[in-house]
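Everything below concerns the one structure shown next.
Every read-out reported here was derived from the displayed coordinates using simple, explicitly stated rules and does not represent laboratory data. Computed from a predicted structure; not experimentally measured. Note: ideal-geometry Cβ built from the backbone for every residue, glycine included; neighbour counts use all protein chains shown.
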There are 2 protein chains.
Amino acid sequence: MRYGFGVDLGGTMVKIAYFDENGTMLGKWEIPIIVDDEGRKLLSNIAASIRQFLAQKSIAPDSIVGVGVGVPGPVNAAGVVNKCVNLGWGRFNIAEELSKLLGFPVKAGNDANVAALGECWKGGGRGSENMIFAALGTGVGGGIVIGGRLLYGAHGSAAEIGHLVINRDEPEPCNCGKHGCMEQYCSSTGIVRMAQRILNQSNAYSKLRQHNPLTCRDIFACGRSGDELAERVLNQYYAYLGEALANLCDMVDPEAVVLGGGISKAGQMLLDGVRPHFDRHVFHAASGARFALASLGNDAGVYGAFKLVLDAFG
Amino acid sequence: MRYGFGVDLGGTMVKIAYFDENGTMLGKWEIPIIVDDEGRKLLSNIAASIRQFLAQKSIAPDSIVGVGVGVPGPVNAAGVVNKCVNLGWGRFNIAEELSKLLGFPVKAGNDANVAALGECWKGGGRGSENMIFAALGTGVGGGIVIGGRLLYGAHGSAAEIGHLVINRDEPEPCNCGKHGCMEQYCSSTGIVRMAQRILNQSNAYSKLRQHNPLTCRDIFACGRSGDELAERVLNQYYAYLGEALANLCDMVDPEAVVLGGGISKAGQMLLDGVRPHFDRHVFHAASGARFALASLGNDAGVYGAFKLVLDAFG
């Protein structure tokens, strides 16, 4: 049996997990993120932490396949990071740097892409080889798995699902500077923005008006209890998401579409809401994709990161 | 040196070409299409034609890598065709059937997908590993190449570019039954339809009114000569196409976008028209894709078909 590590670089913490080659998680811990120049300090902290774990557990280094890393920014298949704004990183090869520090093979990928691989391997997409993952959170991220492998793209920027243009007439700009990106509607901030627009355009009674600040969770709760304006907001949400997923499926023709991120906590209600809009817009040949909820939560990244290195060097 | 064949099943003819492993075309001929049950007669005709060629040229069968085939319908990576309406085919494994008849390995793909692979290998996308191909003809087909390999999808239906929904409010149905598909605007029939709408809504003078029937070529010609309504039609065309290609690039992050089909005969005018709309809608990380015109014309399919079998068995 061989073993390895999955590393997920998050906003404030680095999550590190230890797996056997079957994907059974045997250990998991966190170390703090350090924002530094080119990641030198952070990478050496990660390497030190992994070495310490191996020493404590008396694990033979030659049983280790390698270390997979999910990075919050574009990373190409060769391991070259091209700016991680949150970490203060410029352009460098994270796979090479970390591999030098550790003496193990390292494979890196974008964090949302890597989470998609994790969900495909051990989560909501289990059993599929071709999968689209949409992480519906504060923003909208995602990943595309093809033939069991992650789609990187030429510049490490594939599967920027949140920045598909779905409304060319949107007057407000997206965080990315464009107008009408899916993230402007299908994220938790997006759905609240849509709700506030609808509330401002109407004088009708709605329980939504009792919430200040209004949250995504409130909108789903009010919708579930039959509030008419909340239902209207949710219908708009489902329509946008269903159409965007249909377009994605027309391109990728996957077996599964997996929805994750905070909004996926709405559960079956979300799947049931989106599916009719998806069915309306999808090309018949790609209409067979099954919909599922993500099931690994915040661990999707470490599962996917380990799978990445297992596929590359296992 | 090894050799092989690329076969392209068209509307009325089957094109067959003979290549060396470097992709130099050494021979090319056509045989008529026969619409028959499960393709039995057509496949045996293709096999007989290839055998005859080998015998005439005294080519040793063990120098043959195999035969690649482009099929006008969905084909999965295993070679299973799932209905070719034009050929009267149901569901069967064309790769297995043709391989049995020939004694060579056979690899099959969808015709537009296979043409994409040809353009990536020897045409407008040469030098790129990740490429999006849009065939802008009577309809809109396409293909996606990732890491030099064709994207098939789980059901052999990947890259249905023409059926991306780009206008959810379109009242008229697409041939596929959906509403607002890219093909309804970006094909040669689509641009004529847009032109007729714009002409019907206006009383302004336009040279477009002198053409009956109005063709795609007329619209580009009138636009080139400064006709105001033709320019308006073309701007709408470029806007739709640019936005759709931007969304595709946000998913695939390719090095190149290649435009083919009859409309690509408009040449540099088409590329120059589309690019500003693409730049406006593409996510910055994927904005580096270069645009090129297809260069293999109707031979893209045989080049791609041979590349398919070369990659699989070469």
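Legend: ranking of residues A:Cys249, B:Cys120 from fewest to most surrounding C-beta atoms inside 10 Å; resulting order A:Cys249, B:Cys120. Label sites at B:Met1 and A:Ala60, each approximated as a point 7 angstrom past Cα along Cα to Cβ, lie 5.2 nm apart. Going 7 Å from Cα along the Cα-Cβ axis for the label, what nanometre distances separate B:Gly226 from the same residue across the other copies? Nearest to farthest, the other copies are at 6.7 nm.
Taking the Cα centre of the range A:1-53 as origin, work out the dipole magnitude from +1 charges on Lys and Arg Cβ and -1 charges on Asp and Glu Cβ, in debye rounded to 20. Dipole about the Cα centre, nearest 20: 140 debye. For A:Gly10, the label point sits 7 Å beyond Cα toward Cβ; its separations from the matching points on the remaining copies run 5.9 nm, from shortest to longest. Between the residues A:Thr189, A:Tyr205, A:Ala55, the greatest Cα displacement towards the positive end of the dipole of chain A, with unit charges on the Cβ of Lys, Arg, Asp and Glu, is found for A:Ala55.
Positive end of the dipole of chain B (Cβ unit charges, origin at the Cα centre): among B:Ala159, B:Gly10, B:Ala312, the Cα lying farthest that way belongs to B:Gly10.
Here the 3J(HN,Hα) profile of the range B:253-262, calculated from phi with Karplus coefficients 6.51, -1.76 and 1.60 at θ = phi - 60°, is 6, x, 7, 9, 10, 10, 9, x, x, x Hz, Gly and Pro shown as x. With both residues required to sit in chain B, DSSP beta bridges show an antiparallel share near 60%.
For the range B:126-295, the dipole from Cβ point charges (+1 on Lys and Arg, -1 on Asp and Glu) about the Cα centre works out to 400 debye, to the nearest 20. For the peptide B:239-248, the mean number of other protein chain Cβ atoms found within 10 angstrom of a residue's Cβ is 3.
Over the protein assembly as shown, DSSP H runs of length four or greater, each weighted -39,500 (n - 2.57), average out per residue to a 222 nm ellipticity of -12000 deg cm²/dmol.
Label zone (A:Arg280, point 7 Å along Cα-to-C-beta; backbone nitrogen cut-off 17 Å) within the range A:243-265: A:243-248.
The separation of the range B:93-155 from the range A:46-60, counted between C-alpha centres, amounts to 47 Å. Bridges between two residues of the range A:127-294, per DSSP, are antiparallel at a rate of about 55%.
Short-range pairs are left out: with C-alpha atoms under 8 Å and at least six residues apart, the relative contact order of chain B is 22 percent.
In nanometres and ascending order, the distances from the A:Val35 label point to those of the other copies are 6.6 (point 7 Å from Cα along Cα→Cβ). Counting every Cα pair in chain A, what percent are over 28 Å apart? Summing the P(r) of chain A above 28 Å gives 42 percent of all pairs.
If only the Cβ of Lys and Arg carry +1 and only the Cβ of Asp and Glu carry -1, the dipole of the range B:1-95 around its Cα centre is close to 80 debye. Once Lys and Arg get +1 and Asp and Glu get -1 on their Cβ, which of B:Gly147, B:Leu43, B:Trp29 lies farthest toward the positive end of the dipole of the range B:23-148? Comparing the listed Cα positions along the dipole, B:Trp29 ranks first. Counting Cβ atoms of other protein chains within 10 Å of each residue's Cβ and taking the mean over peptide B:281-290 gives 6. Please figure out what share of the DSSP beta bridges in the protein assembly as shown is antiparallel and state it in percent, rounded to the nearest 5. DSSP beta bridges in the protein assembly as shown are roughly 60 percent antiparallel.
Normalised by the number of residues in the range A:127-294, the mean separation of alpha-carbon contacts (under 8 Å, six or more apart) gives a relative contact order of 25 percent.
Which of the helices in chain A meet the span-like rule: DSSP H, Cα axial reach of 15 Å or more, Kyte-Doolittle mean at least -1.0? TM-like helix candidates: A:40-56, A:111-122, A:188-200, A:228-252, A:268-281, A:300-313.
Measuring against 29 Å, Cα to Cα, the residue pairs A:Lys122/B:Lys178; A:Lys100/A:Lys307; B:Lys83/B:Lys178 contain A:Lys122/B:Lys178 as the ones spanning a longer distance.
A straight line joining the Cα centroids of the range B:172-218 and the range A:256-314 runs 38 Å.
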